[in-house]
Structure formats: C-alpha cells, structure tokens
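Engineer: The following block contains the structure, expressed as structure tokens.
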Amino acid sequence: MPADPKAVLTGVHFLNGDVACCEGALAAGARFAAGYPITPSTEIVERFASRAPEVGGVFIQMEDELAASIALQGAVWGGAKSFTVTSGPGFSLMMEHVGYAAMTETPCVFVDVQRGGPSTGLPTLPAQGDMMQARWGSHGDYEVIALCPNSPQECFDLTIKCFNWAEDYRNPVVLLMDECVGHMTEKVVIPPAEQIDVTPRHLTDKRPGDYLPFKPCDNLVPEMAHAGDGYRFHITGVTHDERGYLAVTSQAQDKLVRRLCDKIRSAADQLTLVEEEGTEDADVVVVSYGITSRVAERAIRMARERGLKVGKLRLITIWPFPENRVRAVARRVKTLVVPELNLGQMVYEVERVAGGLARTVGVTHAGGGVHRPEDILAAIVEGAQ
Amino acid sequence: MLTEIRFAGFGGQGILLAANIVGKAAALFQGGHATLTQSYGPEARGGASSAQLLISDEPILYPYTTQEDILVVLSQEAFAKFAPGMKPTGLLIVEEELVRVSDLPPTVHVFSIPATRLAEELGKRVVLNVVIVGFLAALTHIITKEAYLEALKASVPKALLDLNLRAFEKGYACGLSARQREALPEETAVSEPAWSEP
C-alpha cells in the first residue's frame, strides 16, 4: 500500500544519512521509537523526536538500551511499527532482545550506526565491526535480515525495505550503517507518498476461536493479531507451540527453531540485494559493502586504468548472506578481494562460499577512517597475478 | 571535474553550516553532486571543527578530500593542521584577524577577509560563516551566485534571512574587489567552472 502522505517529506533534500534513515522510517510507517541516544546515531532519534508529533508518533528516551529494545517490541504488539537506533556499545546491550524478537516473531527494526570498537572505542569515527554481531550476537539459533547502505539516499530507501521485510517475515531486521554514511550529507530524493510501497502488518482475518498465533502460513510466517484485538494469545521467549503456550520439549524446540531459521533461509534469494558490475571476464572481483564499497570503487577504477580485469560485487543484503551470488562469481574468477573496516568478518563468509573455487583475500582496517584506495589496489594487483 | 574543499576552525563558528550551504548550492541548485562529511571534537563550542566537501558533475565515490583545491580556515590551529595538505596551486581563504599565514608555497592563492568583524558590523557575529561563503562565491566560479542564494534561503530561518543575505553580499563584494586587486589568473584550477550552467 502507498505511504501516508503526511509522513513523507517529498522533495529533493541535502540530508545526512542519519536524518535520511529517520525519514525512511517515517515514510515506512514507523510511529514509535524507543532509544538511548548514542553517537553517531543520535541524529536519527533527534529527528524522530521532532517529527513524530507531526504524524501522531511517539519517541521515548528510555533508561538504557535494554529498555529501549524491549519497549519497541511492546509497541509492535500494541499495533505500531517500531524501531530503535543505536551504535556498537548499545547494540551489545540490545542483543538479548534481538533474540526475543526472533523467538516471538516480532516485526521490528534495529538501526546500528557502527563506530570503532570494541567497548567505547571510537565514538565519532566509522567502523564495520558489528557485521557478525548483527548475525550471531544473541544466543541460540535464529536468523536476521541485515542491510547495509552506502549513501544517505540508500539510508532512506533501505530503511523502508527493512520495515517492509520485518512485516513480511515477522523478524528483526537490522540496518547496518556506519558513522561515515550516517554523518555524510548528500542529495536525497524522497518520492511522492503514492510511489513508496509500504507493507502493512499481516493481520489475521480469522475469528478469535480459529486463530493460532504461531501457526505458520505457506511461507512459514504466521499471521499476527495485536493485543486488545480480542484474541487470546501468549507472547513468550520460552519455546512454545502454535498456540503460544510453553512447550519445553526437544520436539517442540526442533519444530519451532527450525521454522524460525527456515522462513529466512528459504527466502534468501528473494532477500538478496547486490550490485554487480564487470564480473563477466574479471580476474579479480572486489566484494564490499557499506562505505567501503565507495572506496573500493575508486580502487577498481585505478586497477582498470592499469589494464587489470576487475569487477565489483557490492553486498547490500548482508544477512542472509548472498551465498548464491558470491558463489556464482567465485566460479569464474581467480581472486575475491574483501576490504572491510574490521580485522576480518565478512571475508570469512566469502571464503566459506568461495572455498575451492577462488582465492579469498581480505583487506583489513581497524576503523577510525576508511581504507586508502591504494591499499585495496595493492590487493587487486596481487590477486590478478 | 572534482573540486575538494575543506572548511575548518572552531566549533561555534558555523563551519558546518557554511559547508552545508555550499554543498546544497552545488547538489540542489546547480544540478551537480556534493558529498559533505564532518569531524568535530566532543565540545559544543571552542573545539576543533572541520568539514570536507566534494563537489563534482559526476557521482562522488570516495567521501573524503585527499588534497584540497580550496581550503577555508578560521583559526590558527586549523591553518597549521590543514594548510600543508592542500594543493600547492589551490585557493586558501583565511579569517584575516584570526589566522597568520606563513610557510606556504608561493603558488597558493591566499585571500583573507576579516569575516568576524564584518559580521559584527552587520549586527550579529554568528553570520561570519555566511560572509565567508559570499567571499568564496565571488572568488570561484564553481557555483553560480543564484545557486548560492537559493541554498542560503533553504538553510536559514526566515526571520534571519535578511541578515544572512546582507552577510553574503558583504562577503561577495569583498571577494570581487579582492579578485580585482590580486588579478587572479583566469587559468587557475579554482577559477574555472567545474561544470556548465544547469
């Protein structure tokens, strides 16, 4: 359905990534945010706090990140589209509730504007050190969807995508920004509301007696009902059956947790967003994401000027990992070069998929800035040999 | 063509807004592309503040400056930190009463303006950044004056627009006379338009 026109700031703007993300959330229908503001994500909630009253939304500054990440889920069950916003140190504290959202199939969005870590690290400087945390930070088996923008425009566009997929899959979705993209100001085009596709909550039309809150549809995702809609249901992080009642057995666990993972894994190809260019006859393909993809692009151009055959594969979807696309590229190249603002995270996923097909080389950076294009170029040159 | 600009000074001097106005003029009102990044200390005022602005007729990839074509410095500290890294044939704009210029290659075009004093004479010190933007606008042909004025209107509160327009015109007039005085050569990297009219 189209977006609510009163929440969409249609026009051409000069916005930073944080503000663009907030505008994306508003356009996507977010009407509740709970947060514990933290650099470099603060501008998102600052903007939401000032814009929310115009659209009937609410922002609550909670006492900490644990409270923020669970208040947002209460709001979801109360009927709102909700999100929270944080950076690495806060994201660490939210991990318990990422798992809770996965287990209770609460559609919600976590925005993590990454900065240098571990711990307090580099509050005002970029890194991409939370890639694996987004996937594995909570305990137990679960899946997340995570997207990674490389410009303010994409912060707007992908935030909408995050909210839509949260509803479609009833799953936590993470927008993995970084300080550079969050604090970078560029032209952002916000289309008219009727051109923005917003996924409504998939509410059941069954009558209260017939509705089982955790009985999956064909796509393995159950329909929702809100608290107060007249349905009897029970939301719990304990392993539960289709009625939502506790079912603490290995059989119930197997049935539930396999479905939670399979609903995302079976949709991996639909969830894959990548940008691929010049890979057909390439010797080397640079696999990158987020701000690093823009630095990598400069290195690719430098390498092409030297006559090297280099392609690019930019991962926009990070989780579920775009295995099929990476494997297809790995089959026809010598080397995959993976620059990232960490000391090696996604490079291991690439290596896992490319194993035996192509060589995988990481170009690491501990964060606090972006790579020198020359460093990525050096890895390309070596990889082409 | 890519033009790299850095604005640097103290927090509170309006560094970021100045860069924002120039970026907005390029990206929204001149049909080009602009990428603005910022860095600042933890203090709200008085700490170091710096903004990097890239403008081009093509989409911009690498988001930071590597060697500035134009450097605008409003503090001695910023001059010491950033002047050595600028292009040897670039344009340097300094706050005349806050920055003493030394040890520069003779090929750098240096222009100074007492922006803070001029802003005070206009009634409010805070518009010193807009005086600087006007000065920059007159010294370079990267962006049209109309685009600057549109960006200014889109950036400042209505109640303060008149003051800001006067600040811009003050800086612009200073820039034009500085150009004539220094007889800035036609064929410098900074005096050429980066792309044609929109």
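Engineer: Return yes when A:E374 is of a type in the set (D, E, K, R) and open to solvent by 10 Å² or more (accessible area, probe 1.4 Å) and no when it is not.
Structural biologist: yes
Engineer: When segment A:282-299 is examined, which residues are found to be within 11 Å of another protein chain (Cβ to nearest Cβ) and either small (G, A, S) or open to solvent by 10 Å² or more (accessible area, probe 1.4 Å) (or both)?
Structural biologist: The answer is A:S293, A:R294, A:A296, A:E297, A:R298, A:A299.
Engineer: If I ask for residues that are open to solvent by less than 10 Å² (accessible area, probe 1.4 Å) and over 18 Å from A:T292 (Cβ atoms), which ones from segment A:102-134 would you list?
Structural biologist: Result: A:A102, A:T104, A:E105, A:T106, A:P107, A:C108, A:V109, A:F110, A:V111.
Engineer: What number goes with the only condition from (1) within 14 Å of chain A (Cβ to nearest Cβ); (2) in contact (Cβ under 8 Å) with a residue 24 or more places away in the chain; (3) over 14 Å from the mean Cα position of the chain (by Cα); (4) surrounded by 19 or more Cβ atoms within 10 Å (Cβ to Cβ) that B:Y62 does not pass?
Structural biologist: (2)
Engineer: Can you find even one residue in segment B:136-156 that is in contact with a Cys (Cβ under 7 Å, 6 or more places away or on another chain) and within 15 Å of B:G9 (Cβ to Cβ)?
Structural biologist: No, every residue in segment B:136-156 fails to be in contact with a Cys (Cβ under 7 Å, 6 or more places away or on another chain) and within 15 Å of B:G9 (Cβ to Cβ).
Engineer: Going by the structure shown, is A:Y348 at pLDDT 95 or above, aromatic (F, W, Y) and farther than 24 Å from A:K161 by Cα?
Structural biologist: yes
Engineer: May I pose another question? Please find, among A:P191, A:P200, the residue that is open to solvent by 20 Å² or more (accessible area, probe 1.4 Å), in contact with a helix residue (DSSP H, G or I) (Cβ under 8 Å, 6 or more places away or on another chain) and either of a type outside the set (F, W, Y) or within 13 Å of A:A27 (Cβ to Cβ) (or both).
Structural biologist: That would be A:P200, the only listed residue that is open to solvent by 20 Å² or more (accessible area, probe 1.4 Å), in contact with a helix residue (DSSP H, G or I) (Cβ under 8 Å, 6 or more places away or on another chain) and either of a type outside the set (F, W, Y) or within 13 Å of A:A27 (Cβ to Cβ) (or both).
Engineer: Return a yes/no flag: does segment A:245-257 have any residue that is closer than 25 Å to A:L176 by Cα and more than 14 Å from every other protein chain (Cβ to nearest Cβ). Quick ask: steps written out before the conclusion?
Structural biologist: Taking segment A:245-257 and keeping what is closer than 25 Å to A:L176 by Cα, we get A:257.
Filter once more, so that each one left must be more than 14 Å from every other protein chain (Cβ to nearest Cβ): A:257.
Yes, that holds for at least one residue.
Engineer: Going by the structure shown, is A:D168 in the same structural domain as A:D130 (by TED's automatic domain parsing), open to solvent by 30 Å² or more (accessible area, probe 1.4 Å) and within 18 Å of A:G79 (Cα to Cα)?
Structural biologist: yes
Engineer: While we're looking at this one, here's another question. Could you please let me know if B:T89 is polar (S, T, N, Q), assigned to a loop (DSSP other than H, G, I, E, B) and more than 11 Å from every other protein chain (Cβ to nearest Cβ)?
Structural biologist: yes
Engineer: Ok, one more. I want to confirm something. Restricting to segment A:176-212 and keeping residues that are among the acidic types (D, E) and either in contact (Cβ under 8 Å) with a residue 24 or more places away in the chain or outside any helix (DSSP H, G or I) (or both), which single residue is farthest from the other protein chains (Cβ to nearest Cβ)?
Structural biologist: Residue satisfying both the conditions and the ranking: A:D205.
Engineer: All but one of (1) touching a Leu at 6+ places or on another chain (Cβ under 7 Å); (2) away from every other protein chain (no Cβ under 14 Å); (3) closer than 23 Å to B:A154 by Cβ hold for B:N20; which doesn't?
Structural biologist: (2)
Residue-by-condition table, conditions (1) within 14 Å of another protein chain (Cβ to nearest Cβ); (2) not small (G, A, S):
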| residue | (1), (2) |
| --- | --- |
| A:Y348 | no, yes |
| A:V353 | no, yes |
| A:T360 | no, yes |
| A:T364 | no, yes |
| A:G368 | yes, no |
| A:D375 | yes, yes |
| A:E382 | no, yes |
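Engineer: Tell me which residues, restricted to segment A:334-371, are open to solvent by 60 Å² or more (accessible area, probe 1.4 Å) and under 26 Å from B:Q38 (Cα atoms).
Structural biologist: Passing the criteria: A:L343, A:T364, A:A366.
Engineer: Then there is this: Would you point out which residue out of A:G99, A:G137 is in contact with a His (Cβ under 7 Å, 6 or more places away or on another chain), open to solvent by 10 Å² or more (accessible area, probe 1.4 Å) and closer than 24 Å to A:Y348 by Cα?
Structural biologist: Every option except A:G99 fails the conditions.
Engineer: Another one. For segment B:1-10, check the following and say yes or no: at least one residue is touching a residue at least 60 places away in the same chain (Cβ under 8 Å), within 14 Å of the chain's Cα centre (by Cα) and at the interface with another protein chain (Cβ under 10 Å from one of its Cβ atoms).
Structural biologist: The answer is no; no qualifying residue exists.
The rows are residues; the columns are (1) assigned to a strand (DSSP E or B); (2) in contact with an Asp or Glu (Cβ under 8 Å, 6 or more places away or on another chain); (3) open to solvent by 60 Å² or more (accessible area, probe 1.4 Å); (4) of a type in the set (A, V, I, L, M).
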position	(1), (2), (3), (4)
B:E4	yes, yes, no, no
B:A19	no, no, no, yes
B:A27	no, yes, no, yes
B:T35	yes, yes, no, no
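Engineer: Do we have any residue at all in segment B:105-123 that's modelled with pLDDT under 95 and of a type in the set (D, E, K, R)?
Structural biologist: no
Engineer: Quick check: is even one residue across segment A:71-78 more than 14 Å from chain B (Cβ to nearest Cβ), closer than 30 Å to A:G368 by Cβ and touching a residue at least 60 places away in the same chain (Cβ under 8 Å)?
Structural biologist: Looking for residues that are more than 14 Å from chain B (Cβ to nearest Cβ), closer than 30 Å to A:G368 by Cβ and touching a residue at least 60 places away in the same chain (Cβ under 8 Å), one finds none in segment A:71-78, hence no.
Engineer: Continuing with the same structure: Is it true that A:P126 is within 14 Å of another protein chain (Cβ to nearest Cβ) and modelled with pLDDT of 95 or more?
Structural biologist: When the stated conditions are applied, A:P126 passes them.
The values are calculated or read from the model by the stated rules, or taken from the named source; none is laboratory data. Given the structure is predicted, the values throughout are model-derived calculations rather than measurements. Virtual Cβ from ideal backbone geometry, glycine too; neighbours counted across all protein chains shown. Note: accessible area is taken over every heavy atom of the protein model, side chains too, but ligands, DNA and RNA are not part of it. Shrake-Rupley method; radii C 1.70, N 1.55, O 1.52, S 1.80 Å.
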